[in-house]
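Take a look at the structure below.
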Amino acid sequence: MQALKIAAVAMNGLLGQANENLRSIDRWAAQAKDSGADLVLFPELVVHGHNDPNTWYAAEAVPDGPSVEHLCLLAQALDLYLSVGLSEKERDIVYNTQVLVGPQGYIGAQRKIHLSRDEVIHYEGGSEMLVFDIGKCRVGTIICYDNSLPEVPRILALKGADVLLMPHAARLKTWTDDPESEKQAAAYSGRYFHMIASARAYENSCYTVLCNQAGRAGIVDTYPKDSPNQPNHAGGCIVVDPLGQVAARTSFEKIEEEMVVADLLPEKLWEARSQPNYTLRQRRPELFGALVE
């Protein structure tokens with residue numbers, strides 16, 4: 001791993017408005033470039049929106065669809081690596097997918113493996129856990145609920161990941177128009193994201209970079225307006241180093257689109273992995289058979 005600067009963006013992925021969402025990605029990517037970022041993480045499903053009833057119709061081919069083409073051109077123009085969530089369609093099957101593109105074009109994609117709640121209506125789960133080398137580091141991607149299964153980040157770490165990208169469209173807590181209700185929802189998300197990002201970083205000696213969709217993405221008519229299944233996301237971003245210490249985070253005091261930028265330093269990685277109790281060195285997989293029974 002070499003030193004690099006990463007940006008994580010909490011933005012809203014509006015339902016049925018892929019073109020507008022791509023324009024927002026353009027703006028945030030340009031802002032990240034101005035901040036010196038090498039890699040920019042955007043949320044889960046930010047292009048097509050989270051659980052849009054029209055997901056099957058909106059989903060696109062990867063890498064040959066128009067959204068990936070747009071993202072490749074953006075990455076080339078800004079000389080950036082971008083990780084962006086969208087709905088992928090392959091042979092009439094739709095996946096919740098995070099694509100990775102860079103200055104040279106399309107690099108690869110990670111499909112969400114474990115689907116949460118009503119996502120099973122729209123998506124099939126993926127079956128691979130992939131690590132991609134982008135030059136300065138090797139990245140693995142863990143999409144939202146997949147972070148609740150510790151085996152996923154562990155496998156990515158064993159495959160050589162230095163940085164674990166954690167894009168979310170997490171509906172952790174509902175809120176009303178009352179400012180105090182919004183504040184409570186943001187704070188609740190902050191506590192959860194701090195817990196999950198710190199645990200996954202520390203137990204795998206990797207950097208973790210997390211972002212969440214931010215705001216109300218639209219109304220799904222098949223649910224009551226106040227249902228926790230509505231695509232309402234409380235935002236937030238956090239970056240944690242391999243020792244489990246927070247490198248950067250948003251305030252988690254209000255729900256808004258925002259970005260954090262952090263330096264990822266190889267010294268932190270080496271420090272964590274040179275410890276006598278480095279977990280990947282101490283593990284005894286011959287005792288772990290129950291995990292796959």
| Where trypsin sites (Lys or Arg not before Pro) in DSSP loops with at most 15 other Cβ within 10 Å are excluded, longest remaining stretch of the chain | 1-90
| task | Excluding residues fewer than 8 places away in the same chain, name every one of the lysines whose C-alpha is closer than 21 Å to that of residue 112. | result | 89, 159
| Out of 279, 2, 81, whose Cα points farthest toward the positive end of the dipole of the chain (charges: +1 Lys, Arg; -1 Asp, Glu; placed on Cβ)? | 279
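For each of 198, 181, count neighbouring Cβ atoms within 10 Å of the residue's Cβ, then give the residues from fewest to most. Don't skip to the end; give the middle numbers.
Numbers: 198 18, 181 13.
Ascending Cβ contact count within 10 Å gives the list 181, 198.
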| query | With labels modelled as points extended 7 Å from the Cα through the Cβ direction, what inter-label distance (nm, one decimal) is found for residue 173 paired with residue 281? | reply | 4.0 nm
| note | Dividing the surface of the Cα convex hull of the range 4-292 by four yields a projected area in nm² of 14.6 nm²
| note | Ordered by fewest other Cβ atoms within 10 Å, a rough proxy for footprinting exposure, 196, 6 read 196, 6
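Taking the beta-carbon count within 10 Å as an exposure proxy, list 133, 226 from fewest neighbours to most.
On the way: 133 12, 226 9.
Lowest count first: 226, 133.
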| query | So what's the net charge close to residue 38: Lys and Arg +1, Asp and Glu -1, counting the other residues with Cβ under 12 Å from its Cβ? | reply | +1
| Which of the GluC sites (Glu not before Pro) across the range 76-179 are loop residues per DSSP, with 15 or fewer other Cβ within 10 Å? | 128
| request: Identify, among 246, 51, 16, the residue whose Cα sits farthest towards the positive end of the charge dipole of the range 4-292, taking +1 on the Cβ of Lys and Arg and -1 on the Cβ of Asp and Glu, with the dipole about the Cα centre. | output: 246
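Quick note: the coordinates plus some simple rules give every number you see, no bench work behind them. Computed from a predicted model, the values in this text were never measured in an experiment. In this analysis, Cβ positions are derived from the backbone assuming ideal geometry, glycine residues included, and neighbour counts consider all displayed protein chains.
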